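Asks: Got a structure for you, written out below as structure tokens; questions coming shortly.
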Amino acid sequence: FAIHAPYIKAINALKKERNAVILGHNYMTPEIYHGVSDFVGDSLQLAMKASDVEADVIVQAGVHFMAETSKILSPEKIVLMPDMAAGCSLAESITADGIEEMRAKYPGAPVVSYVNTTAEVKAASDICCTSSNAVQIVNALDAETVIMTPDQYLAQNVANESHKTVVYWPGSCIVHEQYTAQDLRNFREWNPGTKLIAHPECTPDVVAEADFSGSTSGILKYVTETKPEKAMLITECSMASNIADELPEVEFVGPCNMCPYMKKITLEKILYALHTMEGQVEVDPVVAEKARHAVQAMIDMSR
Ligand code: 13P
Ligand code: SF4
């Protein structure tokens, strides 16, 4: 951390001056995750924190849809995005027109949109979900057929655990779709005894091959509780780096895949954002109001 120390010091001092908090996703690099984040977690935990945190400024150390979600839930706060180009292949795969297309195809079916979507898509949806509550939300809906957007693999994984008919949009995460079931079988052969732990944005084949599947917080909980001798996290690279220090008894083995969007966030950019207050995320108030219903409905069902 020595080379990062001046940035960490400057950011932590500016946070106090601005009455700011940094919400860090589990995929941030360790110097952001451990060095400057006030709260860390998965998408659901960060959304919940954004809705009740006391601060004037939220710095979103994550990707753009997360910052929009924070602004939707806390419109009175300034939400800073250290790099506006930190997108997400899932959020970019669908627009509000896509939601209307799905509604026309499956009349009467409720639309559950992953939080990895733009505010416009959330506004056009009935309820949001994250990977940690998707099964619970789909099962609770009063409908036999449920539309899930935009992650086809999350939708298929949810369908495998639910008694509902799930129809879906063909989006995918460029990080998780790269893993194949054959990769996992090879990993097992090379590293006997390793627990394979996959994020549900992976394909159903990969999830079936894994020992456990869960959101990033679900992964942390599983590893903390079971303390396997060796673990391979079938997800973004920083996840294992961030939790390895607290779990010295677990050996984390690679390989892993990097998210180019998450990796756009750096200490330098966080410092610049806090210093200049540039990169403020705005959501049209009419869109935000509709999107808030979908996000709040999810939060209410997850408490
Ligand atoms: P969770 O942290 O909710 O598991 O989501 C992972 C993700 O894809 C964030 O981009
Ligand atoms: Fe999007 Fe996948 Fe990156 Fe998460 S890991 S931000 S889902 S591209």
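Asks: Would you mind finding the one in Q136, Q152 that is within 16 Å of ligand 1 (Cβ to nearest atom), surrounded by fewer than 18 Cβ atoms within 10 Å (Cβ to Cβ) and not small (G, A, S)?
Replies: Matching residue, one of Q136, Q152: Q136.
Asks: Could you please find all residues in segment 142-154 being touching a strand residue (DSSP E or B) at 6+ places or on another chain (Cβ under 7 Å) and touching a residue at least 24 places away in the same chain (Cβ under 8 Å)?
Replies: Passing the criteria: T145, V146, I147, M148, T149, P150, D151, L154.
Asks: I'm checking my understanding of the structure. Among residues of segment 86-123 that are surrounded by 24 or more Cβ atoms within 10 Å (Cβ to Cβ) and among the hydroxyl-bearing types (S, T, Y), which one is farthest from ligand 2 (Cβ to nearest atom)?
Replies: Per the criteria, the residue is S113.
Asks: Next question. I need the full set of residues from segment 252-300 which are within 16 Å of ligand 2 (Cβ to nearest atom) and at pLDDT below 95, in order please.
Replies: If the condition is that a residue be within 16 Å of ligand 2 (Cβ to nearest atom) and at pLDDT below 95, then P255, C256 are the ones that fit.
Asks: Tell me, please, whether a residue that is within 16 Å of ligand 2 (Cβ to nearest atom), surrounded by 24 or more Cβ atoms within 10 Å (Cβ to Cβ) and under 23 Å from I219 (Cα atoms) can be found in segment 77-85.
Replies: No: zero hits.
Asks: Of all residues in segment 244-302, which are crowded, with 18+ Cβ neighbours inside 10 Å and over 22 Å from the mean Cα position of the chain (by Cα)?
Replies: Across segment 244-302, the qualifying residues are V250, L271, L274.
Asks: Still on this model: Do we have any residue at all in segment 26-35 that's touching a Leu at 6+ places or on another chain (Cβ under 7 Å), β-branched (V, I, T), surrounded by fewer than 24 Cβ atoms within 10 Å (Cβ to Cβ) and farther than 21 Å from E120 by Cβ?
Replies: No, segment 26-35 has no match at all.
Asks: Further question on the same structure: For segment 182-279, list the helices (runs of 4 or more DSSP H) that sit wholly inside it and hold at least 1 residues that are among the polar types (S, T, N, Q) and touching a strand residue (DSSP E or B) at 6+ places or on another chain (Cβ under 9 Å); which are they? First the steps, then the outcome.
Replies: Working: elements: 204-209, 216-226, 237-244, 267-276.
Passing ranges, in order: 216-226, 237-244.
Asks: For segment 155-191, how many residues meet the condition of being surrounded by fewer than 17 Cβ atoms within 10 Å (Cβ to Cβ), within 16 Å of ligand 1 (Cβ to nearest atom) and without any contact (Cβ under 8 Å) to a residue 60 or more places away in the chain?
Replies: Number of matching residues: 1.
Asks: Let me spell it out: the conditions are (1) in contact (Cβ under 8 Å) with a residue 40 or more places away in the chain; (2) more than 21 Å from C259 (Cβ to Cβ); (3) touching a Gly at 6+ places or on another chain (Cβ under 9 Å), and S131 meets all of them except one. Which number is the exception?
Replies: (2)
Asks: Look at segment 165-181 and say how many of its residues are assigned to a strand (DSSP E or B), of a type in the set (S, T, N, Q) and within 16 Å of ligand 2 (Cβ to nearest atom).
Replies: From segment 165-181, those assigned to a strand (DSSP E or B) are 165-168, 171; that's our starting set.
Retained after the next criterion (residues that are of a type in the set (S, T, N, Q)): 165.
Next, from what is left, pick out any that are within 16 Å of ligand 2 (Cβ to nearest atom): none.
Result for segment 165-181: 0.
Asks: I've got another one for you. Could you grab the pairs with beta carbons closer than 7 Å, sequence gap of 6+ or different chains, first residue in segment 63-84 and at negative phi, second one within 15 Å of ligand 2 (Cβ to nearest atom) and of a type in the set (D, E, K, R)?
Replies: As it stands, the answer is D83/K264, since those pairs meet every condition given.
The values are calculated or read from the model by the stated rules, or taken from the named source; none is laboratory data. Note that this is a predicted model, so its numbers are computed, not measured. Cβ coordinates were reconstructed from backbone atoms using ideal geometry, including for glycine residues, and neighbour counts include every protein chain displayed.
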